[in-house]
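For reference, the structure discussed in these notes is given below.
The numbers here are math on the coordinates, done by the rules we state, and not lab data. Keep in mind the model is a prediction, meaning the values are calculated, not measured. A quick note on method: Cβ atoms are made from the backbone with ideal geometry, for glycine too, and the neighbour counts reach across all protein chains shown.
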Amino acid sequence: MRQRNMSPVASRRTRSRRPDPTARTARAQPPAPHWPRAPRLRRPFRAAALPRRLCGGAAMLRPPRRLPRPLRRATATVAGSGHRLLLSTPIFYANGPPHIGHLYSALLADALHRYRGLRRAGPGRLSTGTDEHGLKIQQAATAAGTSPSELCERASGLFRQALTQAAVSFTDFTRTSEPHHQQAVRHFWGALQDGGALYKGSYEGWYCTPEECFLPESQLAERRDAQGRLCRVSLETGHQVHWTKEENYMFRLSAFQDPLRNWLRDNPRTISPDPFYQLVLHWLEEDLPDLSVSRERSRLQWGIPVPSDSTQTIYVWVDALVNYLSVVGYPETHGEWWPAAHHVVGKDILKFHAVYWPALLIAAGLAPPERIFVHSHWTVHGQKMSKSLGNVIDPFACIRQYTVDGFRYFLLRQGVPERDCDYYDEKVVKLVNSELADALGGLLNRSTALSINPSNTYPCFSQSCFPNVLDYRETKGMGRASAEDYEFVASVASLPLQVASYFEGFQIYKALECIALCVRQTNSFFQRHRPWKLNRKDPAEQLWLDTIIHITLECLRVYGTLLQPVIPHTADRLLSRLGVEPEERDLSSLTFLPRYSGKLCPFEGRQLGPDTGILFHRVEKPRQQQIETKKL
Ligand code: MSP
């Protein structure tokens with residue numbers, strides 16, 4: 001994993017403390033099970049607790065003078081239902097076209113945002129944008145024979161287009177070249193300075209331009225370049241590094257080691273999944289050198305000048321991170337949203353978000369973000385995606401080939417945040433065809449076929465066929481449902497809670513896995529009872545036939561509702577076919593099979609929606625491997 005670091009201008013030894021696992025919140029108890037085998041709930045959402053001390057252990061350096069009082073206020077505004085929430089994707093480097101790794105970051109954030117909408121959890125925003133300053137962009141523009149602003153204009157347009165085509169429901173798109181963002185960065189810089197968190201120092205180290213950071217010796221290797229000359233490269237990315245020595249403004253990051261540790265220990269759910277939380281705690285056990293937060297303007301012109309020192313340009317990462325504030329109106333109106341922010345980030349930029357960003361925020365008198373969701377990377381045929389290898393996968397081509405929903409489903413169903421995932425076309429074809437076209441589409445097709453449901457209505461559920469029992473082993477002689485049927489409906493009944501807990505823990509792939517399993521079980525249920533063989537002229541058989549279809553449609557309604565954050569178009573078609581109105585598609589309407597417990601089912605007897613044909617068409621592998629086609 002890439003660990004970015006700054007050259008050790010100031011460092012100090014730290015005490016080694018292991019996290020206290022007992023500090024975690026207790027698990028909530030599930031409600032009394034209504035179905036056989038009820039699911040277990042994970043712990044509930046918990047408001048961020050306050051850091052115990054803010055500048056403990058920083059005695060040898062001047063700690064920031066202005067202590068973050070908003071930290072205390074922050075906890076009152078987060079969590080609970082009805083609170084505002086800013087979800088964010090990282091802002092994308094505007095030095096090249098989008099690839100599927102970028103899209104993955106954005107889709108994860110989009111799925112969380114849409115899921116939150118289903119929960120009617122309160123006002124929400126989804127922010128994204130482009131990261132347009134820095135040496136990397138300046139050099140890319142020179143190489144392309146264009147100006148940085150023109151390059152950014154084109155790249156930013158492509159990112160916006162890719163996200164729009166992929167149905168990422170962003171509410172805000174920030175370009176760091178925009179005046180309102182630059183204004184926010186200048187103000188933020190002023191807050192750091194006022195708080196005593198900056199000082200000017202001479203600085204030297206190995207700078208990696210593609211990663212836009214200094215790397216310590218431990219993260220370097222030696223390699224021969226094209227001319228056979230020995231050079232230093234980043235161990236992880238293989239990019240060449242250059243020795244850089246200049247006068248810079250430094251940020252007293254080392255003063256924040258204890259505050260950061262306390263913040264994370266008090267809020268163990270801040271970083272998910274857990275291995276990344278542990279990793280950040282581990283980083284905080286090591287030296288935390290101060291951070292160079294400006295570059296000489298003579299080397300870097302493409303960036304925001306340091307206020308009151310026009311010889312320096314603000315470090316691109318400080319500039320970029322402030323997008324999470326500028327988007328919510330910093331420095332005027334951000335209080336309505338901040339710090340109720342959840343950042344989705346790739347593992348390569350975790351240190352920036354989980355160490356530097358919270359420290360910068362605290363130093364500027366603000367609270368750290370509420371949560372950070374971390375994901376791993378996509379490789380292609382086992383290799384890192386890179387321009388030089390020519391194996392970059394173009395999201396536009398993938399969407400054309402596999403449809404928006406097909407490709408969204410693939411990335412979110414196959415992407416596992418804890419580990420890298422490998423991309424190849426055969427995998428997309430196999431997964432999407434089997435789970436969306438065959439299993440889900442097939443189920444809808446079979447259960448709504450005119451041959452078994454000529455009235456095209458949501459049929460009635462019969463309790464005499466499927467009696468409500470406390471223990472299905474005692475159903476002998478009652479009804480027509482088997483033990484397997486009881487187990488199956490129990491697993492569908494528990495699905496919304498399981499999905500909720502997986503979304504909460506940033507394991508969207510697991511939520512999709514559970515849904516796919518239930519879809520398979522529903523197909524088996526349908527197949528097992530062969531409703532097409534039942535004699536509709538026999539009233540008893542008709543009751544059972546109706547019950548089988550009712551249960552199947554209820555299952556489909558649950559799947560359609562829960563799949564909206566991932567495959568919005570297909571879910572919409574599915575729910576429309578079932579006759580589910582738009583206002584009946586949120587989680588509060590998701591009581592599965594209410595008639596089983598003797599409650600009213602609003603859908604019973606209702607006319608189904610029009611048949612608009614196949615729910616999801618099978619997809620095919622492209623003739624050539626999907627490689628990047630869009631150019632800047
Ligand atoms: N500009 C910075 C982020 C600044 S946020 C304040 C940046 N940009 S990036 O374009 O390089 O990356 C954006 C996102 O794409 C990151 O979350 C990164 O992890 C993700 N990905 C880049 N390559 C990836 C893969 N191969 N696979 C999955 N995600 C990857 O970093």
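Label segment 478-546 by shape, choosing from rounded, prolate and oblate, from the square roots a ≥ b ≥ c of the eigenvalues of the Cα gyration tensor; if a/c is under 1.5 it is rounded, and otherwise prolate applies when a/b is larger than b/c, oblate when it is not. Show your work: numbers first, answer last.
Details: a/c = 3.69, a/b = 2.78, b/c = 1.33.
Prolate.
Projected onto the charge dipole of segment 393-479 (+1 at Lys/Arg Cβ, -1 at Asp/Glu Cβ, origin at the Cα centre), which of Val404, Phe466, Tyr424 gives the Cα projection farthest towards the positive end?
My answer, from the dipole projection, is Phe466.
Size of the dipole of segment 218-317 about the Cα centre, Lys and Arg at +1 and Asp and Glu at -1 on the beta carbon, nothing else charged, in debye to 20?
Working: 12 positive and 14 negative charges, 75 e Å.
Dipole about the Cα centre, nearest 20: 360 debye.
Just how far, in whole angstrom, is segment 489-551 from segment 358-404 if you go by their alpha carbon centroids?
35 Å
Name the lysines eligible as straight-distance cross-link partners of Lys136: C-alpha to C-alpha under 28 Å, and not fewer than 8 places from it in the same chain.
Hits, sequence-local ones excluded: Lys200, Lys245, Lys347, Lys351, Lys384, Lys387, Lys630, Lys631.
Could you work out Rg/(2.2 N^0.38 Å) for segment 493-632, with Rg from alpha carbons only?
On the way: Rg = 18.1 Å, N = 140, 2.2 N^0.38 = 14.4 Å.
In units of the 2.2 N^0.38 Å rule of thumb, it is 1.26.
Among rounded, prolate and oblate, which fits segment 258-387 when a ≥ b ≥ c are the square roots of the eigenvalues of its C-alpha gyration tensor, a/c under 1.5 means rounded, and a/b larger than b/c means prolate?
Oblate, because a/c is 1.5 or more while a/b does not exceed b/c.
With a ≥ b ≥ c the root eigenvalues of the C-alpha gyration tensor of segment 71-215, is it rounded (a/c under 1.5), prolate (a/b larger than b/c) or oblate?
Oblate.
About the Cα centre of segment 136-197, how large is the charge dipole given +1 on each Lys and Arg Cβ and -1 on each Asp and Glu Cβ? Please answer in debye to the nearest 20. Show your work: numbers first, answer last.
Working: 5 positive and 5 negative charges, 28 e Å.
Roughly 140 debye, rounded to the nearest 20.
What size of dipole, in debye to the nearest 20, comes out for segment 378-493 about its Cα centre when the only charges are +1 on Lys and Arg C-beta atoms and -1 on Asp and Glu C-beta atoms?
I would put it at about 220 debye.
Which ordering of His342, His83 is given by a fewest-first count of other beta-carbon atoms within 10 Å? Walk me through the numbers on the way to the answer.
On the way: His342 23, His83 18.
The order, fewest Cβ neighbours first, is His83, His342.
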